[in-house]
Amino acid sequence: MVLASTIGFALGSSGLVFYTSSVFINALRQEFHWSVAGLQSGVLVTGLLALVTTPAVGGLVDRFGTRRIAIPSMAAFGLCFMAMSLQDGRFSTFLILWALLSISGAGTLSLVWSRTISGWFDAGRGTALGITLMGTGLTALFAPPLTVYLIHLGGWRFTYRALGAGAICISLPLLLLFLRDKTPTHVGPATRPGFDVGGALRHWRFWVIGFALFAITAVVAGLISNLFKLLTSEGYTPAHAAMVAGAVGLFVILGRASCGVLMDRLRPQVVGAAFFAGAPLACILLSTSSGSTLSLVAAALIGLGAAAEFDVIPFLLCRYFGIARLGSILGLVMIFWSVGAALGPITFGHVFDVYGNYRIALWAGAAASALAAASLLTLGRTSDAL
């Protein structure tokens, strides 16, 4: 079940879309002559639609379970990713295809896999979440260089079709065989029923967690989706830029595994703040330094920051608000993620279009992500919440 969830997360919307979109920018820009901000508007479409789809999916998961949601969503998402090859040069077509991609992939987002894992695990929940959510780290590690190679081999249309077909062929057999739902059979500190949706919305911790998720997501999504363009605009070769983007994935993998283990043993809000702190450091490095070594260090810090957002938030929600309505509560918190994921990439892209570089976006991102890290420290002990 953990294996199926890991691969489902890796090849779903959170993985395949975010870690390949920046690699397609140069090819699409060369063919259609669109701006960088315009090409990033597809991610904006995803974020806006997620304002509706993520709460809906959270409620559906609580009612029907993850299996009935994830399997059809994964199949539809793979087909829609292949359909991205049908772009005809009209910007309206580009946006429509992104909308279809976003809607179809709503059942492959982190909340689905987090809800499954939280139902199966109690004392080792952080470790299990860390292993499962390493999936997008695998995508970040392998997808950028693979996408560069496939574009060189057969063009961007061929690459969309190949990646979409691969997502279907690899993930669906595992999901059909192993994905199951389970409700906890005993009540412990991490599985007490806790809050209903209304109670969670009235609690200040919900809004603090939401702000932290919004800020870190906006910065990390902006960095990841623009990293390839950022590096190539500074004179790095596409091969080096792809390698650095892949290094993000390596540290997402390492970060998620270590973050999950640490949350099972230490105060999770402190662990989360420490990992979130990687993002502002990465922004400062990218805005003030040059050199291949420092770009790799920045990639490592981005990976650590990205690693924690999907590990820490479900874990904290489960500890502070209980598991009974976790899917619905997580779906509502994911609205903050959706807004951040929508605004971050297009804001970074707009700054580049206006100024010819990303420095202003990087300094603003450093401030926002530092606030996200600090806000987690205000939450208090999880044992005091329920």
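Laboratory data are not the source of any read-out in this text; all were calculated from the coordinates shown. Just so we're clear, the structure is a prediction, and the values are computed from it rather than from any experiment. Don't worry about glycine lacking a Cβ; one is built from the backbone with ideal geometry, like all the others, and counts go over all protein chains shown.
For this structure, a couple of remarks:
- Ranking 32, 198, 295 by how far each Cα lies toward the positive end of the dipole of the chain (charges on Cβ) leaves 198 at the top.
- Residue order, fewest to most beta carbons within 10 Å, for 88, 196, 264: 88, 196, 264
- The phi torsions of the range 317-327, fed into the Karplus equation with coefficients 6.51, -1.76 and 1.60 and a -60° offset, translate into couplings of 4, 5, 6, 7, 10, x, 10, 4, 10, 4, x Hz, rounded to whole numbers, with Gly and Pro shown as x.
- Charge dipole magnitude, Cβ of K and R +1, D and E -1 - the range 267-386, Cα centre, debye nearest 20: 220 debye
- Residue-wise HN-Hα coupling along the range 302-307, computed from phi with Karplus coefficients 6.51, -1.76, 1.60 (Hz; x: Gly, Pro): 4, x, 5, x, 5, 4
- When 243, 263 are sorted by how many other C-beta atoms sit within 10 angstrom of their C-beta, beginning with the fewest, the order is 243, 263.
- The range 44-61 - phi-based ³J(HN,Hα) in whole Hz, Karplus 6.51/-1.76/1.60, Gly and Pro as x: 4, 4, 4, x, 5, 5, 5, 4, 9, 6, 5, x, 5, 5, x, x, 5, 5
- Quarter the surface of the alpha carbon convex hull of the range 1-143 and you get the mean projected area, 8.5 square nanometres.
- Full extension of the segment from residue 86 to residue 378, taken as 0.36 nm per residue of separation minus the current Cα-Cα distance, would add 100.3 nm.
- Plainly put, the chain has a radius of gyration that is 0.95 times its Kirkwood radius, both from alpha-carbon atoms, as the Rg/Rh ratio.
- Residue order, fewest to most beta carbons within 10 Å, for 86, 223, 254, 286: 86, 254, 286, 223
- Nearest-20 debye value, the range 69-184 charge dipole, Cβ charges on Lys, Arg, Asp, Glu: 40 debye
- A Förster radius of 41 Å, combined with the Cβ-Cβ distance separating residue 35 from residue 293, puts the computed FRET efficiency at roughly 0.85.
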